[in-house]
Amino acid sequence: MEERGAETLRTYEQINEKIKRGEAVVMTADEFVEYTKQYGLEKAAKEVDVVTTGTFGAMCSSGVFLNFGHSEPPIKMWKCWLNDVPAYKGLAAVDAYLGATAISETRGIEYGGGHVIEDLVSGKEIELRGEGWPTDCYPRQYIETTITLDEINQAVLVNPRNAYQRYAAATNSTDRILYTYLGTLLPRYGNVMYSGSGQLSPLYKDRYFETIGIGTRIFLGGGIGYVIGEGTQHNPKAFFGTLMVRGDLKQMSPRYLRGATIHNYGVTLYVGVGIPIPIINMRVAETASTPDEEIYTEILDYGVPSRSRPVVRRVSYAELKSGKVEIEGREVVASAISSLTYAREIAEKLKQWILKGEFFLSRPAQLLPDKTEFKPLEVKRYEPRVRDVMTRSIISARPADDVKTVANLIVKHGIDHVPIVDDEGKLMGIVTSWDLAKAVAEEKRSLNEIMTRRVIVAKPDEPIDVVARRLTQYRISGMPVVDESFKVVGIITTDDIAKLIKGRSSG
Amino acid sequence: MKFKIIYSHEIVESPILSTVILETGVPINILEAKITPSQGEMIIDVPVSGEELARVLEAFRKRGIEVREVGPAIEINRDKCILCGACVSPCPTGAIKLTGDELKIEDKLCIRCRACVYACPVKALTITSEGSS
């Protein structure tokens, strides 16, 4: 098998020569997919020099390095804010890094780093506030002024992770609306949200990383940028490759860099990335011609708040883009949080740049790794789990029991929650002391009438941290702990958690 | 069709809406209600047209209620919209469609729940102030 990146069909020099002469054959990935379907891969690979790609989506791992210049007298800032959004100042005196997801200290997630970047690119005036760490060479203690993109020395977009090859889609099996980084997920598989441009996706069109590497010249935010390495969490073996990119913010356009707020989630930056794929060999031609029908991802259930979310089903980008996805025999509406319209526009724009001889291809100085792994983070310290603090002696009742029996149980044992179970001990509902008070007031007799059937539960292995958030979220003071078969194995209450924290502070 | 009905201070406590429903037999849907001690306002959907609609409106008016037609609920700022689709599938009534490069909202289906307003990452959607038209 020939080496990765072998230039057997044409070299970068030959392509650039043709671009210079205005003779290069360039197609967007959408066009190339169609052309291949119609005329076959051989002919397409022989004729087409470059395939342009594009994507426009929320890319949280983005940000900009800034150099403000020195004031008189100068300051060594150790903290700074741009429109009240904090930027990282663990760098030299007037260098800073503003991350896309940083949030305003006055406006919260309504405004953040992504918005500051968009405002900078739009030429707006930005308020700069800095606190100094005064020294003999940097005497100033405080600074407040305004800056614009033109006034500052450098503004370099450096994004540690952009342009995911493909992305998992999301749905929600629970009874409540979820707000995730993929957008709003309606209850009971009410919708599917996805991201990525499928057959236009830059990294999917060079699936084995034969042409994209360090030094690849790209379309970035409306200007010219470069790939500077593989992105963080780069996982080429699973086709979840990513890129680290850089570009001069001063050349970019607010059309392709948009600050955004994902409701109840946070701030991010929509970044436009377009990459030219030189058709250097048959393998590259083949991956560049992959249609939406053959690009698969998985729909995950975001109702399970875990690192490994259950897979609901495998799905192609063709099905996702159709706007309708089948889940459990039912048609569910699907929509994207990334913009396909903008992705197409970017691929087209890059194609025009090349056709006009304004953009030349660069041979990467080094190809990206194609075998790195994406490892999880192990929590090595002891973390209390539900099983460590739950009460194991369960006082439960049966649905047929009357209200008085349960009232007696509550008084006798000094408890507030009584799980209602069937003959096998499986959870059917719950009754609290409040429910009983209400039952007495309304003169109800049987538990069947008053018990809550949709019970919020905990699992024995869950960390207390997560369970405490759930108690607050549902404004409840306790919940039954159930095993795999929904059998009640304990009960955990705010009291149990309070005791744990008390023990921690005294120990 | 959607209307805003305004109860004045004098009649804010009267059960006029239910009376109108019983009298006309039209299943009127309440989309929004804002009741203060001095005034009451509701956005209602009246699922009939023509003479029947006129009869319903008259039934409100003769009881001293001000009735105004309500324009499209959601306004799209097309300069801001990036045509993603974040608002499309979260819409519980399927009122929003992204066809090709155009975002369309079918006002007839809109229940003013604001799911789309919240879901829009670039704040391109706003709910119109009721009865402004």
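Please treat every number below as a calculation from the coordinates, not as lab data. Worth saying up front: this structure is predicted, and the values here are computed from it rather than measured. Backbone-built Cβ (ideal geometry, glycine too); neighbour counts: all protein chains shown.
List B:Phe60, A:Phe239 from most exposed to least, where exposure is judged by having the fewest other Cβ atoms within 10 Å. Can you show the working numbers first?
On the way: B:Phe60 23, A:Phe239 16.
Ascending Cβ contact count within 10 Å gives the list A:Phe239, B:Phe60.
Using DSSP to define loop residues, name the trypsin sites (Lys or Arg not before Pro) in the range A:158-229 whose beta-carbon has at most 15 other beta-carbon atoms within 10 Å.
Values: sites: A:Arg161, A:Arg166, A:Arg176, A:Arg188, A:Lys205, A:Arg207, A:Arg217; in loops: A:Arg166, A:Arg176, A:Arg188, A:Arg207.
Passing both the DSSP loop test and the Cβ count: A:Arg176, A:Arg188.
When A:Thr405, A:Thr171, A:Thr36 are ordered from fewest to most other Cβ atoms inside 10 Å of their Cβ, what list results? Show your work: numbers first, answer last.
Working: A:Thr405 13, A:Thr171 28, A:Thr36 23.
So the residues, fewest neighbours to most, are A:Thr405, A:Thr36, A:Thr171.
In Å, what is the Rg of the alpha-carbon atoms in the range A:263-372, and how long is Dmax?
18.2, 51
Return the sequence-ordered ³J(HN,Hα) values of the range A:293-298 in whole Hz as given by the Karplus equation 6.51 cos²θ - 1.76 cosθ + 1.60 applied to θ = phi - 60°, using x for Gly and Pro.
Couplings: 4, 10, 9, 10, 9, 10 Hz.
Where does the charge balance sit around A:Met244 when Lys and Arg score +1, Asp and Glu -1, over other residues with C-beta under 14 Å from its C-beta? Present the calculation step by step, with values, prior to reporting the outcome.
Numbers: positive: A:Arg161, A:Arg246; negative: A:Glu230.
Summing Lys/Arg as +1 and Asp/Glu as -1 gives +1.
Hey, got the average number of other protein chain Cβ atoms within 10 angstrom for residues in A:331-338?
Neighbouring Cβ atoms belonging to other protein chains average 5 per residue here.
For the range A:103-218, report the translational diffusion coefficient in µm²/s to the nearest whole number, using Stokes-Einstein at 37 °C, 0.692 mPa s, and a Kirkwood Rh over Cα pairs. Mind dumping the intermediate values first?
On the way: Rh = 19.0 Å.
Calculated translational D: 173 µm²/s.
Would you please classify the overall shape of the range A:217-329 from the alpha carbon gyration tensor, given that a ≥ b ≥ c denote the square roots of the eigenvalues, rounded means a/c under 1.5, and beyond that prolate means a/b larger than b/c while oblate covers the rest? Mind showing how you got there, number by number?
Working: a/c = 1.90, a/b = 1.26, b/c = 1.51.
In terms of gyration-tensor shape, oblate.
What translational diffusion coefficient, to the nearest whole µm²/s, does chain A have by Stokes-Einstein, given a Kirkwood radius computed over alpha-carbon pairs, a temperature of 10 °C and 1.306 mPa s viscosity? It would help to have the intermediate numbers written out before the result.
Values: Rh = 26.4 Å.
Rounded to a whole number, D works out at 60 µm²/s.
Per residue, how big is the convex hull of the range A:69-152 when only Cα atoms are used? Give it in Å³. Walk me through the numbers before you get to the answer.
Numbers: hull volume 6.8 nm³, N = 84.
Considering the Cα atoms of the range A:69-152, their hull volume per residue is 81 Å³.
Less than 16 Å from a label point 7 Å out along the Cα-to-Cβ axis of A:Glu3: which backbone N atoms in the range A:27-55 qualify, by residue?
Inside the label zone: nothing.
Report the relative contact order of the range B:4-105, percent, no decimals, based on alpha-carbon pairs under 8 angstrom and at least 6 residues apart. Numbers along the way, then the final one.
Working: 111 pairs, mean separation 26.5, N = 102.
Relative contact order here is 26 percent.
Which net charge results for the neighbourhood of A:Pro254, defined as the other residues with beta-carbon distances under 13 angstrom from its beta-carbon, given Lys and Arg at +1 and Asp and Glu at -1? If you can, show how the numbers build up before the last one.
Values: positive: A:Lys124, A:Lys250, A:Arg255, A:Arg258, B:Lys80; negative: A:Glu118, A:Asp119, B:Asp79.
Around A:Pro254, the charge tally is +2.
Sequence-distant or interchain residues sharing an amide H contact under 5 Å with A:Ile218, placed H: which?
It is A:Gly225, A:Tyr226, A:Val227, by chain and number.
Could you give the size of the charge dipole of chain A about its Cα centre, using +1 on the Cβ of each K and R and -1 on the Cβ of each D and E, expressed in debye and rounded to the nearest 20?
Numbers: 64 positive and 66 negative charges, 159 e Å.
Using only the charged Cβ atoms, the result is roughly 760 debye.
Taking H placed 1.01 Å from N in the peptide plane, check which residues at least 5 places from B:Leu31 or on another chain put their amide H under 5 Å from its amide H.
For B:Leu31, the qualifying residues are B:Ile43, B:Ile44, B:Asp45.
Give me the distance in nm between label points sitting 7 Å out from Cα along the Cα-to-Cβ direction at A:Gln352 and A:Val156, one decimal.
So the label points at A:Gln352 and A:Val156 sit 3.0 nm apart.
How far apart, in nm, are the 7 Å Cα→Cβ label points at A:Lys43 and A:Glu144?
Inter-label distance under the simple model: 7.0 nm.
Can you show me the helix-derived [θ] at 222 nm for chain A, built from DSSP H runs with n ≥ 4 at -39,500 (n - 2.57) apiece and divided by the number of residues, rounded to the nearest 500. Show your work: numbers first, answer last.
On the way: 14 runs with 120 residues, N = 507.
Estimated from H runs of four or more residues: -6500 deg cm²/dmol.
For the range A:274-332, run through the trypsin sites (Lys or Arg not before Pro) and keep only the ones in DSSP coil with at most 14 other Cβ atoms within 10 Å of their Cβ. Please report the intermediate quantities before stating the final value.
On the way: sites: A:Arg283, A:Arg307, A:Arg313, A:Arg314, A:Lys321, A:Lys324, A:Arg330; in loops: A:Arg307.
Within the range A:274-332, the qualifying trypsin sites (Lys or Arg not before Pro) (loop, at most 14 other Cβ atoms within 10 Å) are A:Arg307.
By count of other Cβ within 10 Å, fewest leading, how are A:Ile117, A:Ile420 ordered? Before the final figure, lay out each step's value.
Working: A:Ile117 31, A:Ile420 25.
Lowest to highest Cβ neighbour count: A:Ile420, A:Ile117.
Exactly which GluC sites (Glu not before Pro) in the range A:72-129 are in a DSSP loop and have at most 14 other Cβ atoms within 10 Å? Don't jump to the answer; show the numbers that get you there.
Values: sites: A:Glu105, A:Glu110, A:Glu118, A:Glu125, A:Glu127; in loops: A:Glu105, A:Glu125.
Answer in residue order: A:Glu105, A:Glu125.
Of the options A:Tyr142, A:Gln38, A:Leu128, report the single residue whose Cα projects farthest towards the positive end of the charge dipole of chain A (beta-carbon charges: Lys, Arg +1; Asp, Glu -1).
Sorting the options by dipole projection puts first A:Tyr142.
Would you work out which of A:Ile224, B:Ile111, A:Asn153 lies farthest towards the positive end of the dipole of the protein assembly as shown, given +1 charges on the beta-carbon of Lys and Arg and -1 on that of Asp and Glu, about the Cα centre?
A:Asn153
With just the Cα atoms defining each centre, how far is the range B:100-117 from the range A:34-97? Give it in Å.
Using only Cα atoms to place each centre, the spacing works out to 33 Å.
Which percent of Cα pairs goes in each bin when the distances of the range B:74-127 are cut into 5 angstrom slices starting at zero?
With a bin width of 5 Å, the distribution comes to 4, 23, 38, 26, 8, 0.
How many angstrom lie between the C-alpha centres of the range A:99-165 and the range A:406-428?
Cα centroid of the range A:99-165 versus Cα centroid of the range A:406-428: 57 Å apart.
Whose amide H sits under 5 Å from the amide H of A:Arg161, counting only residues 5 or more places off or on another chain, with H placed in the peptide plane?
Placed amide hydrogens put A:Ser61, A:Thr232 under 5 Å from A:Arg161.
Nearest 10 degrees is fine. How inclined is helix B:50-61 to the longest principal axis of chain B, computing both from alpha carbons?
Computed tilt is about 60 degrees.
Please list, in order along the range B:73-86, the HN-Hα scalar couplings obtained from phi with the Karplus expression 6.51 cos²θ - 1.76 cosθ + 1.60 (θ = phi - 60°), rounded to whole Hz, x for Gly and Pro.
Whole-Hz 3J(HN,Hα) from phi for the range B:73-86: 6, 10, 9, 9, 8, 6, 6, 8, 4, 9, 6, 7, x, 4.
Along the charge dipole of the protein assembly as shown, Cβ charges K/R +1 and D/E -1, which of A:Thr391, A:Ile103, B:Gln39 sits furthest on the positive end?
Highest projection toward the positive end goes to A:Thr391.
Semi-axes of the range A:1-118's equivalent ellipsoid from the Cα gyration tensor, sqrt of 5 times each eigenvalue, largest first, rounded to whole Å? Don't jump to the answer; show the numbers that get you there.
On the way: eigenvalues 447, 75, 33 Å².
Result for the range A:1-118: semi-axes of 47, 19, 13 Å.
In whole Hz and in residue order, list the ³J(HN,Hα) couplings for the range A:98-106 that follow from phi through the Karplus curve 6.51 cos²θ - 1.76 cosθ + 1.60, θ = phi - 60°; x for Gly and Pro.
So the J values, rounded to whole Hz, are 9, x, 4, 8, 4, 10, 4, 7, 10.
Treating the range B:4-89 as a set of equal point scatterers at the Cα positions, no solvent, please give the Debye-formula log₁₀ I(q)/I(0) at q = 0.16, 0.17, 0.24, 0.27 Å⁻¹.
Log-scaled intensity ratios, in q order: -0.69, -0.74, -1.21, -1.50.
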